[in-house]
């Protein structure tokens, strides 16, 4: 018997993954992953300047190849019954476009200009511009930052585009508007020919772009033009209406239908950010904090509108009507680095192997490469195993998780990480344990901010690669929080969430809640906090807070 299928596409930091899902059961019938070739070669990025850019061709290549690979795994009965496609992406990841909505990096003369490419979420080159926005807002009168936690971040839309417009005359002259990654992909798939046709999501507009229903859209034009006249032209291209992800962006264009081998009656949904759709894929519930844990964390919360009237939560990444589930208030927080911290430590330890072993004449190159890969693949697992065996002490090494700045609470991307309490006995497992502990303390600080602002947290939901693969981190998280943590079964919650939205957009389900109920795959494990460790972690957490206060207020 024929059924209906949907495609969910998840554009992550390092790769894009697509899945084909049975819209009635949630069964994943095909999946494919594509690593961004230019990104993985380190092109257009400069970590020393906190510059992280991605070429639109990486996205286009990944989009085409993963869908084609998925379709090659299924028969014609599935192919002809694909009803809709929805996408999620990282964010805020905006790009300068011309009037046709084409990213400038796809135009002659801009192919290798990083400023003409997508400015990845973790790019922090716009710290001065974010500071200027915050100072301007504080002196403006009306509080236009109150729905984004009261502090504008360098990771977000207006700061990023202002930085590039101020520093790149070529881009400034050619640019017509700026669009977010999650808005551009549906525009691409539907064959949009002008920026006015592009449907912008409430998700990015609200959490990253200062759009709010209370303002009837963006803050007034003079808020932006009085900050910098360069912003006025971008303001003029921003639409009055934005859309939730259960709405249609249009239909698959004839060009992309032929390119992918799909019928042109496939519906394309409005996009959203990865963690927001990941929270839906992970079956988020009101007052349960959904922690999408990868290179960074995005902590998602939904609350029925009638229970949140008049409330403002300070220091988070925004509260937006319909940004996660239409009809509910979506709240976002998170940490600028989580898995990235573990990856950094792994790379630090791997440096001698990578740079010296490969040059050694004691073994052949291929053997060295194979040995390096084997060690690298096993390193974090072994570090976790050894760190778990350490008998903790309140005098152990103590770390701060601000290696990529602080996202929440109270965004400040100029902050740096630290490790204190080092001795000659400090070995790799002990330092690794302190880093894991710091990420868990950073997560606890977010929960406490919600609680301080009158928002109860009933429990934690873990989704993403780290939630699936690291019992050591997850158990410590439960112990530090002293809260139960349940892990979602799906390894592709963001892509699954996108497929749930696709099923809603196609009309298979009337609401995304119904799609989530029917297509959700449930939870396969949970972590219960060890009450005997509560006093220890309470004391260590206070030490973490004191270390953070010292570094934040010192001139070091």
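Tabulated data
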quantity	calculated
Estimated FRET transfer efficiency when R0 is 45 angstrom, pair residue 525-residue 213 (beta carbons, to 0.05)	0.70
Burial ordering of 15, 554, fewest other beta-carbon atoms within 10 Å first	554, 15
For the range 344-481, convex hull of alpha carbons as volume per residue, Å³	146
Relative contact order, percent, the chain [alpha-carbon distance under 8 Å, six or more residues apart]	16
Per-residue Cβ neighbour rank within 10 angstrom, fewest leading, 207, 34	34, 207
Cα-based shape type of the range 155-279, given that a ≥ b ≥ c are square roots of the gyration tensor eigenvalues and the cut on a/c is 1.5	prolate
Kirkwood-based shape ratio for the range 80-193, expressed as Rg/Rh from alpha carbons	1.04
Ordering of 176-187, 218-229 by packing [mean C-beta count within 10 Å, highest first]	176-187, 218-229
Residues of the range 408-428 with amide N under 20 Å of a point placed 7 Å along Cα→Cβ from residue 312	408-412
Directionally averaged projected area (convex hull, Cα atoms, the range 2-108), nm²	8.4
Mean Cβ neighbour count within 10 Å, used as a protection proxy, ranking 372-384, 116-128, 137-149 highest first	116-128, 137-149, 372-384
Shape of the range 414-485, Cα gyration tensor, a/c cut at 1.5	oblate
Hull volume in cubic angstrom per residue (convex hull over the Cα atoms of the range 374-434)	120
For the range 182-235, alpha-carbon Rg and Dmax in angstrom	12.9, 37
Rg over Rh, two decimals, the range 135-177 (C-alpha only, Kirkwood Rh)	1.08
Convex hull volume of the range 482-556 per residue (C-alpha atoms, cubic angstrom)	163
Exposure proxy order (Cβ contacts within 10 Å, fewest to most) of 469, 486	469, 486
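Computed from the coordinates by the stated procedures, all read-outs in this text should not be read as laboratory data. None of the values given here were measured: they were computed from a predicted structure. All Cβ positions, glycine included, derive from the backbone under ideal geometry; neighbour counts span all protein chains shown.
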